Amino acid sequence: MFRFLLSRQWVILTLVAVALVPTMIELGFWQLHRHEHRVALNRVIADSLAARPVPAETLTSPGAEVDGEDRYRRVTATGRFDTAREVVVRRRTNADDKVGFHVLTPFVLDDGKILLVNRGWIPADGAQTEFPEIPAPPKGEVTVTGRLMPDETTADSGIKDRAGLPDRQVMLINSEQAERRLGTPVLGGYVDLTSPEPRAGSPELIPAPDHDDIGPHLAYAVQWWLFCVGVPVGWVVLVRRELRDRREARSAEGAAKEPAPV
């Protein structure tokens, strides 16, 4: 009765079904791990934003990498903005998805080291090859507060760095590149400025990251596992339908062979 399962068509169908089950289970766990990673990251962000600001030099130093648990940690520093060596970071968007620049200003500390400060977003109103007009930061000595961020790299950000950019424009915020450009020790990572707020709201401060959204990964995991259950169920349904069709065909064939009544 089940000899049809040995046919080429059914052997291929069965092998595909057998292969799909572990694949879908693995995909479900992959999405579950992404969900757990997102939850853990949200917890780190929430803890960092809620923590008291600490001096930047207690968490980073020249050539250092910002620890993952210190990402978004609020830090403070006292010094002065060096607008003469200010650069802009190309192809950055604001909350409304408008394309513009991030303003990256060296902040010279009292000991001569430099902290890179991202003062915020400005629109790209003029030609992309020209250095835009940027509102000036406070003059003289000032204390700034911001969220500590790790260096951007091509591997992590997906942004391709390239040579031959217009003067005073960069693609990535990277302290190692900045140290080569400035010739002065630069603290690892950079800071998204939160205080003091710019006059007239320009540059636009970088908003705090959203740490409430956990994403759709858990729902995707459940979907993959439901698909996994559906594969063997679907296989059984097809087998039963094939059996039914064969019985009906056999019955019809038998009825056709019966002699007609006299």
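Work out how much length Leu165 to Thr145 would gain on full extension: take 0.36 nm times their residue separation and subtract the Cα-Cα distance, in nm to one decimal.
Between Leu165 and Thr145, full extension yields 4.2 nm more.
With charges set only on the Cβ (+1 for Lys and Arg, -1 for Asp and Glu), what does the dipole of the stretch 40-158 come to about its Cα centre, in debye to the nearest 20?
It works out to roughly 260 debye.
Val233 versus Gln9, label points 7 Å from Cα toward the beta carbon: distance in nm?
The answer from the label model is 2.5 nm.
As a check on your grasp of the helix formula, calculate [θ] at 222 nm for the chain: sum -39500 (n - 2.57) over DSSP H runs of n ≥ 4, divide by the residue count, round to the nearest 500. All intermediate terms of the calculation are to be shown ahead of the outcome.
On the way: 4 runs with 96 residues, N = 262.
-13000 deg cm²/dmol, from helical runs alone.
Let a ≥ b ≥ c be the square roots of the eigenvalues of the Cα gyration tensor of the stretch 180-229; is it rounded (a/c under 1.5), or, if not, prolate (a/b larger than b/c) or oblate?
Judged from the Cα gyration tensor, the stretch 180-229 comes out oblate (a/c at least 1.5, b/c at or above a/b).
Could you grab the relative contact order for the stretch 119-253? Cα pairs under 8 Å, six or more apart, rounded to a whole percent.
29
What chymotrypsin sites (Phe, Trp or Tyr not before Pro) does the stretch 1-108 have in DSSP loop regions with at most 14 other beta carbons within 10 Å?
Sparse-neighbourhood loop chymotrypsin sites (Phe, Trp or Tyr not before Pro): Phe2.
With the Cα gyration tensor of the stretch 150-237 giving a ≥ b ≥ c as the square roots of its eigenvalues, does the rule (a/c under 1.5 for rounded; else a/b larger than b/c for prolate; else oblate) give rounded, prolate or oblate?
It is prolate, given that a/c is not under 1.5 and a/b is the larger ratio.
With all protein chains present, how much of the accessible area of the stretch 1-112 (probe radius 1.4 Å) comes from carbon and sulfur, to the nearest whole percent?
Numbers: 3780 of 6790 Å².
So the carbon and sulfur contribution to the accessible surface is 56 percent.
For the chain, give me the percentage of DSSP beta bridges that are antiparallel, rounded to the nearest 5 percent.
Roughly 80 percent of the DSSP beta bridges within the chain come out antiparallel.
Defining a contact as two alpha carbons under 8 Å apart and six or more residues distant in sequence, what relative contact order in percent does the chain show?
Answer for the chain is 25 percent.
Hey, can you find the accessible area per residue of the chain for me, probe 1.4 Å, expressed in square angstrom? The partial results should precede the final answer.
On the way: 15980 Å² over 262 residues.
Computed with neighbouring chains in place, this is 61 Å² per residue.
Which of the helices in the chain meet the span-like rule: DSSP H, Cα axial reach of 15 Å or more, Kyte-Doolittle mean at least -0.5?
8-50, 217-257
Could you tell me whether the chain comes out rounded, prolate or oblate from its Cα gyration tensor? Rule is a ≥ b ≥ c as square roots of the eigenvalues, rounded for a/c under 1.5, then prolate if a/b exceeds b/c, otherwise oblate.
prolate
What accessible area, in Å² to the nearest ten, does a 1.4 Å probe give for Ile45?
Ile45 exposes around 10 Å² with every protein chain in place.
Taking a probe of 1.4 angstrom, what is the accessible area of Val44 in Å², to the nearest 10?
It works out to around 40 Å².
Might you report the magnitude of the Cβ-based charge dipole of the stretch 99-243 about its Cα centre, with Lys and Arg at +1 and Asp and Glu at -1, to the nearest 20 debye? Working shown, then result.
On the way: 12 positive and 20 negative charges, 88 e Å.
With Lys and Arg at +1 and Asp and Glu at -1, about 420 debye.
The values are calculated or read from the model by the stated rules, or taken from the named source; none is laboratory data. Not measured: the values here are computed from a predicted model. Quick reminder, even Gly has a Cβ in these numbers, built from the backbone with ideal geometry, and neighbours come from all protein chains shown. Protein only, heavy atoms only, side chains kept; ligands, DNA and RNA dropped before computing areas. Shrake-Rupley method; radii C 1.70, N 1.55, O 1.52, S 1.80 Å.
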